[in-house]
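Everything on this sheet refers to the single structure shown next.
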Amino acid sequence: MRISILGAGVIGLSSAYYLSRAGHEVTVVDRHPAVASETSAANGGQLSYSYVAPLAGPGVVSKLPRWLTQRDSPVRFRPQMSVEQWRWCWQFLAACTREQSELTMRNLLPLSFLSRTLLHELIAAEPSLDFDFVRSGKLVVHRESGSMQSAVALLEFQRSLGCEQQALSADACVDLEPTLAHLQAHLAGGIYTASEDTADCSRFCQGLETVLRARGVRFLMNTSIDALRSDASGRIAACSGGAPLESDHVVVASGAAAARLLKPVGIHVPVYPLKGYSLTFDLQAQTVAPRISVTDFSRKVVYARLGERLRVAGIADIGGYSLEADPARLATLRAEAQALYPDVVRSCRSNEWTGLRPATPRGTPIVGPTRYRNLWLNVGHGALGFTLATGSAALLTRWFENGNGKAENDDLRDLFTVSH
Ligand SMILES: Cc1cc2nc3c(=O)[nH]c(=O)nc-3n(C[C@H](O)[C@H](O)[C@H](O)COP(=O)(O)OP(=O)(O)OC[C@H]3O[C@@H](n4cnc5c(N)ncnc54)[C@H](O)[C@@H]3O)c2cc1C
């Protein structure tokens, strides 16, 4: 089959990997000249297989006043004159229950574990890939005892779903990651997960592009899809410059742009952009920086070592599609990094970046077929696109290969398919 994949981010490229391996003639299409030019460019770098709790949690409602008013809040809501935004927020608030949040975790953990297995297999199968991948382990530090207690309760719940995590005292956190020593007196403890990885998503995408080109996958870069068009026979064509692309099937993997691309053909996916920020510091020889991946829970900021760089990422702004960086938000992120790693912020050059997480209200991606027989979706991975990329792409490929027939991981496949 000839398949056009719309989007050369980590989701589109991973889809291209598994679909081409299944023998299909794949073309990847993107509006930018280079792969990973949007949200997959400079994300947090965490392959966060055991941390899949959605943003929509039971404690959200009490945090709303802060989200609306405080400029340095980790999450900020900027109301817009947009039905799309208000509908998404309504669905998000409806999902902020313990039951829904636990259901999301139950559904996502099998997908994230599958993704981990597949990524490790992919790395073994493609030795040319070099993307600062490290089996780093991850330490989530808590500053308040209440939040540490909730984390321990969550650990018990996640253990019942197959996660292997340890609760650590403040002293044990510092033994594990000595660069946190200056925070010791302020820490209530931490949760350590040895099985988490870190890597550079952009380099992963560039490496995959090379692998895919060598396998015969075509890349149509600098090509913007202006519209999807349906015909009387129930088929979809992706059009660029008014002309349809030649293909039998179309996979939409266009990240935060998915909802707007799909709406004109009557497919409504609840994908809305949550803007985040990152800073990437070029470390110098003597700079004090963490070896393992660290998350500062109360500030919702992640620190990932990518070779000789430190990636600091965080912030979720619910306020439309603009990628423009708000200097106040960048200053907030820099101040957080300064408090944890003053040496890094003082002495290292950094690059600033913003990206739009393609978020669904419940935090689960949408993977699978649509009512159009040649249109497929792999969208809505929110804050976990790098983590879930291989599993989602493999699921899509199984859908594609087996249709409604029985296949391995059928249960999983059905969880992420929404009727469209
Ligand atoms: C601050 C921040 C930190 C994050 N940290 C992590 C993390 O630590 N771990 C993790 O797993 N995830 C993380 N994420 C989330 C992750 O980056 C995303 O989920 C993932 O990159 C989404 O990939 P994607 O391929 O769906 O979208 P993108 O990477 O945005 O790719 C979509 C592509 O589609 C193209 N496109 C869109 N519309 C069109 C069109 N009309 N025509 C042609 N091309 C089009 C775009 O140009 C783009 O290249 C983070 C995100 C942010 C913002």
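Between the helical axis of 98-125 and the longest alpha-carbon principal axis of the chain there is an angle of about 80 degrees.
Taking amide hydrogens as placed 1.01 Å from N in the peptide plane, the amide H of Ala316 sits under 5 Å from those of Val75, Arg76, each at least 5 positions away in sequence or on another chain.
log10 I(q)/I(0), Debye, Cα-only the chain, no solvent, q = 0.06, 0.11 Å⁻¹? Relative scattering, expressed as log10 I(q)/I(0), comes to -0.23, -0.80. The mean sequence distance of close C-alpha pairs (under 8 Å, at least 6 residues apart), as a share of the length of the stretch 193-243, puts its relative contact order at 23 percent. A Gaussian network model of the chain, with springs between Cα atoms under 10 Å, assigns the largest mean-square fluctuation among Gly320, Gly391, Gly216 to Gly216. For the pair Arg346 and Arg66, label points projected 7 Å from Cα toward Cβ lie 2.9 nm apart.
For the chain, a Gaussian network of Cα nodes joined below 10 Å ranks Ala151, Ala325, Ala124 by mean-square fluctuation, and the top entry is Ala124. Taken about its Cα centre, the chain carries a charge dipole of about 840 debye when Lys and Arg each add +1 at the Cβ and Asp and Glu each add -1 at the Cβ.
Give me Leu168, Leu111 sorted ascending by neighbouring Cβ count inside 10 Å, so fewest comes first. Write out the running numbers ahead of the final one.
Working: Leu168 22, Leu111 27.
Fewest to most other Cβ atoms nearby, the residues stand as Leu168, Leu111.
Across the stretch 359-375, computed HN-Hα scalar couplings (Karplus, 6.51 cos²θ - 1.76 cosθ + 1.60, θ = phi - 60°) run 9, 9, x, 8, x, 10, x, 10, 9, x, x, 10, 6, 7, 6, 10, 10 Hz from first to last residue, x flagging Gly and Pro. The calculated FRET efficiency for Ala214 paired with Arg2, based on their beta-carbon distance and R0 = 22 Å, is about 0.70.
Among Lys275, Lys300, Lys63, the residue with the largest mean-square fluctuation in a Gaussian network model of the chain, with springs joining Cα atoms closer than 10 Å, is Lys63.
Roughly how tilted is helix 10-21, in degrees to the nearest 10 and between 0 and 90, from the longest Cα axis of the chain? So the helix axis and the longest Cα principal axis differ by about 50 degrees.
For the chain, the tally of Lys pairs with Cα-Cα distances below 19 Å comes to 4, considering only residues 8 or more apart or on different chains.
Are there chymotrypsin sites (Phe, Trp or Tyr not before Pro) in the stretch 171-273 that DSSP marks as loop and that have at most 10 other Cβ atoms within 10 Å, and which are they? Could you put the intermediate results ahead of the total?
Details: sites: Tyr192, Phe204, Phe219; in loops: none.
Listed in order of number, the matching sites amount to none.
Spatially, the stretch 248-290 and the stretch 1-15 are offset by 14 Å when compared through their Cα centroids.
Take the Cα of Arg135, step 7 Å toward its Cβ, do the same at Val83, and the gap between the two points is 5.1 nm.
Using Cα pairs closer than 8 Å and at least 6 residues apart in sequence, work out the relative contact order for the stretch 188-292, in percent. Working shown, then result.
On the way: 60 pairs, mean separation 14.2, N = 105.
Reported relative contact order: 13 percent.
Residues whose amide H comes within less than 5 Å of that of Val301, counting only those at least five positions distant or on another chain, are Asp296 (H built at 1.01 Å from N in the peptide plane).
Are there any chymotrypsin sites (Phe, Trp or Tyr not before Pro) in the stretch 296-399 that are in a DSSP loop and have at most 13 other Cβ atoms within 10 Å? List them by number.
Working: sites: Phe297, Tyr303, Tyr321, Trp353, Tyr372, Trp376, Phe386, Trp399; in loops: Phe297, Tyr321, Tyr372.
Sites meeting the loop and neighbour criteria: none at all.
The alpha carbon centroids of the stretch 314-359 and the stretch 52-106 are separated by 20 Å.
Between amide H atoms placed 1.01 Å from N, distances below 5 Å from Gly9 occur with Ala36, all of them 5 or more places distant or on a separate chain.
So how much slack lies between Asn222 and Arg371, counting 0.36 nm per residue of separation and subtracting their Cα-Cα distance, in nm?
Details: separation 149, 0.36 × 149 = 53.64 nm, distance 2.90 nm.
Full extension from Asn222 to Arg371 adds 50.7 nm.
Using only Cα atoms, tell me the angle between helix 83-94 and the longest principal axis of the chain; keep it within 0 to 90° and round to the nearest 10. Helix 83-94 sits at roughly 60 degrees to that axis.
A short reminder: the numbers here are calculations on the coordinates, not readings from a lab. Values in this document were obtained by computation on a predicted structure and should not be read as measured data. Positions of Cβ are backbone-derived with ideal geometry, glycine not excepted, and every protein chain shown enters the neighbour counts.
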